[in-house]
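Have a look at the structure below before the remarks.
Quick note: the coordinates plus some simple rules give every number you see, no bench work behind them. Because the structure is predicted, anything quoted here is derived from the model rather than measured. Methodologically, a virtual Cβ is constructed for each residue, glycine included, from the backbone with ideal geometry; neighbour enumeration extends over all protein chains shown.
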Amino acid sequence: MDDTHAEDRVDFDEFVAARSSGLLRTAYLLTHDHALAEDLLQTALAKAWFAWARISGRPEPYVRKILVNTYASWWRRRWNGELATEELPEHPAGDATVAVDAGHDLWTAMGRLPRRQRAVVVLRYFEDLTEAETARLLGCSVGTVKSQTSKALAKLRIDPSLADGTDPGSRTDEMEGLR
């Protein structure tokens, strides 16, 4: 193994150690499934490893784009993953687990959104990306991001799991709390 390859491996290992929890959170927000999020992150990091020598500048936006594109290719293929045949007796504990009932209602509503709209909401509101950054990651125009965001928020406003008679604007605070 030459010195350049060894340096790349060290850089990649440091990047994974520093950023994998944040990237796993993004993967979980996209998939809403712990195991699938881990698979998504592992796939994205494997793809990033092969391209690591070509990445110039900050690697996180590049890896995040791989993550979102891999997620998009999975739902384009209509891959739905495995279906459990019976309820497991224990519940896994993880750092992305949402413990509040209101958050569960929000997750239920987010799960009803089309995948593209869910991706836009996750990137814009959970990852705090700008419209331009979101558009670049999703490979679409800023106008598409705006329209998908508008449609997603309109669906969330009328979702029955969120309709509890409170002010619809108060749900934004719940989204903030799920970060």
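Quick notes
- Whole-Å distance, taken between Cα centres, linking the range 9-49 and the range 122-140: 18 Å
- Sorting Glu14, Glu60, Glu133 by the number of Cβ atoms found within 10 Å of their own Cβ, with the fewest placed first, yields Glu14, Glu60, Glu133.
- The ranking of Ile55, Ile158 by Cβ neighbour count inside 10 Å, starting from the fewest, reads Ile158, Ile55.
- Computed FRET value (nearest 0.05) for Trp49 with Cys140, which takes r as the C-beta separation and R₀ as 35 Å: 0.85
- Neighbour-count ranking [beta-carbon atoms within 10 angstrom, fewest first] of Phe50, Phe126: Phe50, Phe126
- Scaling against 2.2 N^0.38 Å puts the C-alpha radius of gyration of the range 3-76 at 1.09.
- Rounded FRET efficiency, nearest 0.05, which uses the C-beta distance separating Glu60 from Arg112 and R0 of 35 Å: 0.75
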